[in-house]
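Working notes, beginning with the structure itself.
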Amino acid sequence: MAFAPEEYSLIDFGEGRRLERFGPLVLDRPCPAADQAPRSATAARWAAADARFGGRSPNGGAWSERPGLPERWTVRHGAIRFELKRTGFGHLGIFPEQAVNWDWIAGQLRATGSVLRVLNLFAYTGGCTMAAARAGAEVVHVDAAQAVGRVPIAFDDLTVGMDLPARVESSNNFPAGAGIASSASAFAALALAASKAAGLELSEPELSALARRGSGSACRSIPDGFVEWLPSDISLEFRTE
């Protein structure tokens, strides 16, 4: 599934550059693969870009942009929301051409009908990790770009339309990384807190499904006692006006 046009579109490319729309912003960035290609769009269309990145040196380059652009903004692909930011190397935190791979991974995982563990050894900006997690897998995310895996990714649609400040603090009375799911307990607590902040009264199975978005094993931290982790067909869709 390609991105919806309002989320991402490749407007034009050529002469070593590409013109793309990421949500509300149109960006002009280098594209070495398009060095020999002619452009199709008019010069005025290129000049109307909201921001342009110049430079290909090992130390990066610089953005020239119109005043008032947001430092961060988001785009969606299906149920996954990506937070974008213009970096000193011209990257944004997303590679849209990988969308077909995210969808393939999610489809393969759902087709098994069971809970699988996925090891992502080149996770980088996290698209494949988010796709696998949303498909119900428990994912180990290795070699990530800085600041990937923020808590809002797990609860993005739950908080649409909300303008409430939040600070997340998580602590355990046992060592982290000891193999007893410290992240699971944290995301279970966050699922309950986030749903309450949104004014929702979710059932135990629904809370379990929500917690699982952040950490697969968090679904077992919602109920009391000994819990068996089974596949679930619960689908959560939140619409906050």
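Within the range 108-115, can one find any residue that is out of contact with any Pro (no Cβ under 8 Å at 6 or more places or on another chain) and farther than 25 Å from ARG134 by Cα? Looking for residues that are out of contact with any Pro (no Cβ under 8 Å at 6 or more places or on another chain) and farther than 25 Å from ARG134 by Cα, one finds none in the range 108-115, hence no. Counting the residues of the range 67-97 that are in contact with a Ser or Thr (Cβ under 9 Å, 6 or more places away or on another chain) and open to solvent by 40 Å² or more (accessible area, probe 1.4 Å) gives 4. Within the range 80-100, residues that are more than 15 Å from PRO24 (Cβ to Cβ) reach partners that are part of a helix (DSSP H, G or I) with beta carbons closer than 6 Å, at six or more positions or on different chains, in the pairs ILE80/MET130; GLN98/GLY127. None of LEU27, LEU10 is open to solvent by less than 30 Å² (accessible area, probe 1.4 Å), under 16 Å from GLY90 (Cβ atoms) and either in contact with a strand residue (DSSP E or B) (Cβ under 8 Å, 6 or more places away or on another chain) or not in a strand (DSSP E or B) (or both) except LEU27. Return yes or no: is ALA44 of a type in the set (A, V, I, L, M) and either buried (at least 16 other Cβ atoms within 10 Å of the Cβ) or in contact with a Ser or Thr (Cβ under 6 Å, 6 or more places away or on another chain) (or both)? Answer is no for this residue. Taking the range 100-113 as the range and being surrounded by fewer than 20 Cβ atoms within 10 Å (Cβ to Cβ) and closer than 13 Å to THR125 by Cβ as the test, only ASN101 passes. Count of the range 190-219 residues, restricted to those that are part of a helix (DSSP H, G or I) and open to solvent by 50 Å² or more (accessible area, probe 1.4 Å), is 7. THR87 - would you say it is touching a strand residue (DSSP E or B) at 6+ places or on another chain (Cβ under 9 Å), polar (S, T, N, Q), under 26 Å from PRO32 (Cα atoms) and at pLDDT below 90? Considered against the rule, which asks whether it is touching a strand residue (DSSP E or B) at 6+ places or on another chain (Cβ under 9 Å), polar (S, T, N, Q), under 26 Å from PRO32 (Cα atoms) and at pLDDT below 90, THR87 comes out as yes. Out of LEU164, LEU207, one residue alone is at pLDDT 65 or above and out of contact with any Cys (no Cβ under 6 Å at 6 or more places or on another chain). It is LEU207. Residues that are modelled with pLDDT under 80 and more than 18 Å from ALA218 (Cβ to Cβ): does the range 95-103 have at least one? No, the range 95-103 has no match at all. One residue alone among ALA49, ALA4, ALA37 is outside any helix (DSSP H, G or I) and loosely packed, with under 15 Cβ neighbours inside 10 Å, and that residue is ALA4.
The values are calculated or read from the model by the stated rules, or taken from the named source; none is laboratory data. These numbers come from a predicted model, not from an experiment. Note that we place each Cβ from the backbone using ideal geometry, even for glycine, and neighbour counts take in every protein chain shown. Accessible surface areas use protein heavy atoms only, side chains included; no ligands, DNA or RNA. Shrake-Rupley method; radii C 1.70, N 1.55, O 1.52, S 1.80 Å.
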